[in-house]
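Okay, so here's the structure we're looking at.
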Amino acid sequence: WMPEKVEKMSQIFLKNENIKLLVTDVEPLYEDENAPKLYLPEIGKSLLTKLSFNVHIFEIHRPGCTYCLRKELIIPFQKIWFSECAHDSVLWIVALCQDGLYSYKEQLIKFRRHDSNSTPINARNKKSKIDEITFKRKVINKLRENAEFLKLDEEKKIQLEKLDNYLKIRLDIISNQRILKIFGLLKYINYYPKKRSLLVDVMATFERDRK
């Protein structure tokens, strides 16, 4: 942590009661060439940016070490979290659901990386794809079950339903090799983090099941 991290983030909280989870930029320090690289896309142009709920809720763009949160986020977190979940991912998603996720554009963390760090990457083989999609649908189901408690508005409910439909189609295609259904995903092309990810699904579909 930078020495001023807690003070700066606390001051931001005091000035904006709408913030439930505040994240910051990161300065990665790579110990060697084999260290996994962090994906840290720019979040907004302003010093303080509010992130909006959308179908890309599973794209977590800052590591948990940057987080600062209000205690009222804990109970919603506990309702959604289950053993397979990373804590920082659930906090990010719940804060999005409650319109309380903000990013502060200053590097207040020096994040040391070396080759023993385990950074999640997009699953590419068939089993990993199936596990990834099944996990995401489980999270969505928890969000929808707790929609009233989370105070999700109708627009968020609709987006979660569409996101689940997209994942359901992907799961059917990959699990059952229903390649012709791939055309049904074209209307969901923007749900993928990158358009070429659709090709990864196609390759996973034709992969033989591992014994």
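Values in this text are rule-based calculations from the coordinates and carry no lab data. Model, not experiment: these values are computed from the prediction. When we count neighbours, we look across all protein chains shown, and the Cβ atoms used for this are built from the backbone with ideal geometry, even at glycine.
State the answer as a single residue: which of L143, M2, W92 lies farthest towards the positive end of the charge dipole of the chain, with beta carbon charges of +1 for Lys and Arg and -1 for Asp and Glu, about the Cα centre.
Farthest along the dipole direction, towards plus: L143.
Can you tell me the orientation of helix 126-145 relative to the chain, as the angle in degrees between its alpha-carbon axis and the longest Cα principal axis, to the nearest 10?
For 126-145 against the chain, the angle is about 60 degrees.
Among 130-143, 86-99, 9-22, what's the highest-first ranking by average C-beta atoms within 10 angstrom per residue?
The packing order, highest mean first, is 86-99, 130-143, 9-22.
Evaluate the charge dipole of the chain about its Cα centre and quote only its size in Debye, nearest 20, assuming +1 on the Cβ of each Lys and Arg and -1 on the Cβ of each Asp and Glu.
That gives the chain a dipole magnitude of about 720 debye.
Go through 75-85, 57-67, 177-187 and give me the packing order, highest mean Cβ count within 10 Å leading. List each step's numbers first, then the result.
Numbers: 75-85: 14.0, 57-67: 17.5, 177-187: 12.5.
Per-residue Cβ counts within 10 Å, averaged per peptide and sorted highest first, yield 57-67, 75-85, 177-187.
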